[in-house]
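The values are calculated or read from the model by the stated rules, or taken from the named source; none is laboratory data. As the structure is a prediction and not an experimental result, all values here were calculated from the model.
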Amino acid sequence: MAIIIDRKQIEKLERRKKAKKAKAQKPPAKAERNFQKEIEARRAAIIGPIIEDLKIMIERKASPSEIAIYLADALRNAEIHVNHSVNGIIDIWKSEMDELTREQFTRSLTQTLGVDITAVLDEPRIKEALELGGREAANLIVNMPGEFIDGVAKAVADNFRGTPLPEGRTLFDQIMHLGDVSKARAKLIARDQTTKMQGLLNKG
C-alpha cells in the first residue's frame, strides 16, 4: 500500500516545532509578586516576634546562655510553624505558575499557528516540572528561620567574646540587620525560584 505524504502537513508540523522552541515564556511577574508576599508574610510572622523578644532580653541584660536557650526553643517553634504552612504556600504558587504559563503559551502558539495546544500542556512532564520546582522552593523556605537564628546565635557569641560586630553595630542592631537580610532573602527566593520554575516548564 502506498503511503501518501502531505507536504503541507509536514511543513505545518515543522513550523510548530520551531515556534515551540523559539517562544520560551518569561516568568510571570504576578506569580513572583504573590509568591514573595506569601513568603514574607510567613517570615515576618515567625521572625518578627523573635526580634521583639530578643530586644526585651537584651534590654534587661539577659545572659548569653539564657538567650541561647530561648533561641533553641524559638527554632523548634519556627520549624513547626513553617513546616505547617509551607505546603500551602507552594501549592498556591505552583497552581498560579501553571495557570499563567498555560495562558501565555497557549496565546503565543495559537497566534502563531492557529492551533489549540491545550492537550500538549497536560503532559506528565509539566506535572513533574511543577513538583520538582515546588520541592526545591519549599526547602529554601523551610531553611529561612534557621538561617536567621544561626546568625543571631553567632552575633550573641561574638558579642559575649568581645569580638566587634560588623560595621560597629550593637548586638540589637546586628539582629535587626539579620532580619533585613532575611527579608531580602525572601524576595530572592521568590524571584530565583519563579525563574527556575519557568525554565522547567519551558523544557516540559
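Conditions (1) of a type outside the set (G, A, S); (2) modelled with pLDDT of 95 or more, marked per residue:
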residue: Q9; (1), (2): yes, no
residue: K18; (1), (2): yes, no
residue: F35; (1), (2): yes, yes
residue: E40; (1), (2): yes, yes
residue: E52; (1), (2): yes, yes
residue: R60; (1), (2): yes, yes
residue: A68; (1), (2): no, yes
residue: A72; (1), (2): no, yes
> Among the residues of the stretch 169-186 satisfying the criterion of being among the charged types (D, E, K, R) and assigned to a helix (DSSP H, G or I), which is nearest to A62 (Cα to Cα)?
Replying inline: D173
> Is there a residue in the stretch 110-124 that is within 24 Å of the chain's Cα centre (by Cα) and modelled with pLDDT of 85 or more?
Replying inline: no
> Does the stretch 174-204 hold any residues that are modelled with pLDDT of 95 or more and small (G, A, S), and which are they?
Replying inline: G179, S182, A184, A186, A190
